[in-house]
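FYI, it's all coordinate maths here, none of it is from the lab. Because the structure is predicted, anything quoted here is derived from the model rather than measured. Note that each Cβ is placed from the backbone with ideal geometry, even for glycine, and that neighbours are counted across all protein chains shown.
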Amino acid sequence: MKNIAVFASGSGSNFQAILDAINNGSLKAKIKLLVCDQKNAYAIERAKAAQIPQFVFTAKNYLNKEEYENEIVHELKKYGVEFIVLAGYMRLIGPTLLKEYEGRIVNIHPSLLPAFPGKDAIGQALAARVKVSGVTIHFVDEGMDTGPIIAQQAVTIEDGETRESLQRKIQAVEHKLYPEVLQKLFSTSKEEEKWETSVH
Ligand code: GRF
């Protein structure tokens, strides 16, 4: 069973989807901590309702990224977090967190990367008038929505598609795909492979 932390900045609907998958037994993990950089984010309410501890910080109260990420690392260690799941966390991960968790941080992005990285991927896709966009889950490196791709799923953009309708379709895909991909990742992790060879 993996101990994970979810990082979010907003509504937290992906955080909720992951929590629901854990509660219905389809994802074998435990959310030890929600990390959030927005004190009014709805994700915090969701964590409270589920009795999941929260670490909420305000970036501008720190000297720099290194300072707040050091505090995040301290919290993650305190809770025994082994793996970080970014779910709408609107900050670039810096060297401090990467050093501790590289290869163990994943992100979800609402486009078929490398198309439309960064902010407002849905608006970018609509503005480009593409017929297909989608969802990407990838490992996190120092870049903005770069890092090895783990899974992608396409979403068709119909004529007359609005931002709201496309966002709805993309989020529906995200909520199913993210828990499934996490389960696959966790069930094939090196630790478990080692465990399996030692007991069989
Ligand atoms: C998702 O669309 C995700 O792809 C992007 O930010 C959004 C977060 O939504 N990185 P929510 O907070 O999980 O509802």
| said: With +1 assigned to the C-beta of every Lys and Arg and -1 to the C-beta of every Asp and Glu, and no other charges, what is the dipole magnitude of the chain about the Cα centre in debye, to the nearest 20? | reply: 340 debye
| Can you give the net charge of the other residues whose Cβ lies under 12 Å from the Cβ of Lys77, counting K and R as +1 and D and E as -1? | -2
| message | Give me the tail of P(r) for segment 2-188 as a percent: Cα-Cα pairs with distance above 30 Å. | response | 16 percent
| field | Fraction of the pair-distance distribution of segment 1-50 above 18 Å, Cα-Cα pairs, percent | value | 22 percent
| field | FRET efficiency estimate (nearest 0.05) - Cβ-Cβ, Ser11 to Lys131, R0 30 angstrom | value | 0.65
| query | How big is the antiparallel share of DSSP beta bridges in the chain, given as a percent to the nearest 5? | reply | 40 percent
| Based on the mean of other beta carbon atoms within 10 Å per residue, what is the order of 64-70, 41-47, most packed first? | 41-47, 64-70
